[in-house]
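Just below is one structure, and these are the notes that go with it.
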Amino acid sequence: MSNLEIDSPAPQAQGLSQWQRVTSIFTAPSKTFEDIKRGNKSWWLPYLFAIVFGYLLFFGITTKVGWQQVAENNLKMNPKQAERIDQMPADQRASAMKISATVTEGIAAAVPVTQIIAALVISLLLWATINFGFGGRATYGQIMAVYFFAGLPGVIQPLLGAAALFAGLAPESFNINNFAGTNIAYYLSADETNKALYAFASQLDIVNIWLAILLAKGIATVAGKKSSAGYITVFGWWGVWTVLRVVGGLLAG
């Protein structure tokens with residue numbers, strides 16, 4: 001378990017600057033990943049990008065939709081839950097919806113925390129899989145740096161979501177769980193489409209597939225393995241997550 005280390009977000013060797021690694025991820029991602037492999041594992045800049053664009057969407061939701069409306073929209077997409085809440089007395093229903101809105105807003109506001117938690121968990125799974133499953137030599141800090149830099153194109157999604165809101169998207173149409181038109185499910189009716197089908201269609205997201213490809217290449221590079229090992233690792237876990245979402249949709253439907 002000697003490779004399991006959470007490196008502090010500070011560069012350890014001379015190499016590319018953070019800005020060079022950011023731009024390279026869009027133009028020549030191998031340069032970024034090779035730089036991380038050499039020991040430059042600082043990831044604060046892509047983390048900052050994720051926070052800034054996350055709060056841009058948060059601001060758009062707060063000013064253009066409102067969290068009470070978000071809670072109502074979520075309820076509309078869950079008929080079983082809606083039926084239970086509609087059977088409550090008016091005061092209890094209002095209280096339940098207020099709590100739902102507050103919780104949803106709180107989770108959305110905790111972008112800095114949720115980003116780190118996601119990075120810690122996903123990096124651990126990828127680190128263990130590429131090292132123990134394929135004999136890789138990556139450190140946990142390298143995998144975490146790859147995770148943040150490979151995730152940079154993901155800022156497109158909150159940017160698109162915020163743009164739609166400021167362009168005049170009807171608050172009643174906003175879906176906080178699928179706010180960017182980068183996947184098939186976005187163009188389906190969330191409350192009328194079969195839940196399992198909707199969950200599967202939401203996985204067919206062009207931006208997320210882009211991120212997965214970058215992540216696969218990145219972890220293979222820092223682990224010193226062939227690209228195929230990275231693709232099997234990343235898309236293997238992607239497949240597990242897809243199955244879980246589809247099963248959840250079946251149970252919800």
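Read-outs: derived from the displayed coordinates by stated rules, not from any lab. None of the values given here were measured: they were computed from a predicted structure. Neighbour counts run over all protein chains shown; Cβ positions are idealised from the backbone, glycine included.
With contributions of -39500 (n - 2.57) from each DSSP H run of at least four residues, the per-residue ellipticity at 222 nm computed over the chain stands at -22000 deg cm²/dmol.
The alpha-carbon positions of the range 175-253 define a convex hull whose volume is 81 Å³ per residue.
Ranked by the mean number of other Cβ atoms within 10 Å of their residues, highest first, the peptides 167-179, 233-245, 197-209 fall in the order 197-209, 233-245, 167-179. Between 0 and 90 degrees, the angle of helix 111-128 with respect to the longest Cα principal axis of the chain falls at about 50 degrees.
Axis angle, to the nearest 10 degrees, between helix 140-150 and the longest C-alpha principal axis of the chain: 60 degrees. When only the Cβ of Lys, Arg, Asp and Glu is charged (+1, +1, -1, -1), the dipole of the range 18-252 relative to its Cα centre reaches about 940 debye.
For the range 18-252, the residue among 224, 42, 161 whose Cα projects farthest onto the positive side of the dipole built from Cβ charges is 224.
Placing unit charges on each Cβ (+1 for Lys and Arg, -1 for Asp and Glu) gives the range 18-252 a dipole about its Cα centre, and among 211, 179, 70 the Cα reaching farthest toward its positive end belongs to 211. Treating the range 1-151 as a set of equal point scatterers at the Cα positions, no solvent, please give the Debye-formula log₁₀ I(q)/I(0) at q = 0.09, 0.11, 0.12, 0.16 Å⁻¹. For the requested q values the scattering log ratios are -0.45, -0.60, -0.67, -0.88. Could you give the angle, 0 to 90 degrees to the nearest 10, between helix 206-223's Cα long axis and the longest principal axis of the Cα atoms of the chain? That works out to roughly 30 degrees. Each label was represented as a point 7 Å from its Cα along the Cα-to-Cβ direction; for residue 166 and residue 240 these points are 3.9 nm apart. In terms of its Cα atoms, the range 31-114 spans 62, 26, 17 Å along the principal axes, sorted from long to short. Give, to the nearest whole percent, the P(r) tail of the range 18-252 beyond 30 angstrom, counting all Cα pairs. Summing the P(r) of the range 18-252 above 30 Å gives 32 percent of all pairs. Taking the Cα centre of the range 131-253 as reference, the dipole from Cβ charges on Lys and Arg (+1) and Asp and Glu (-1) amounts to some 660 debye.
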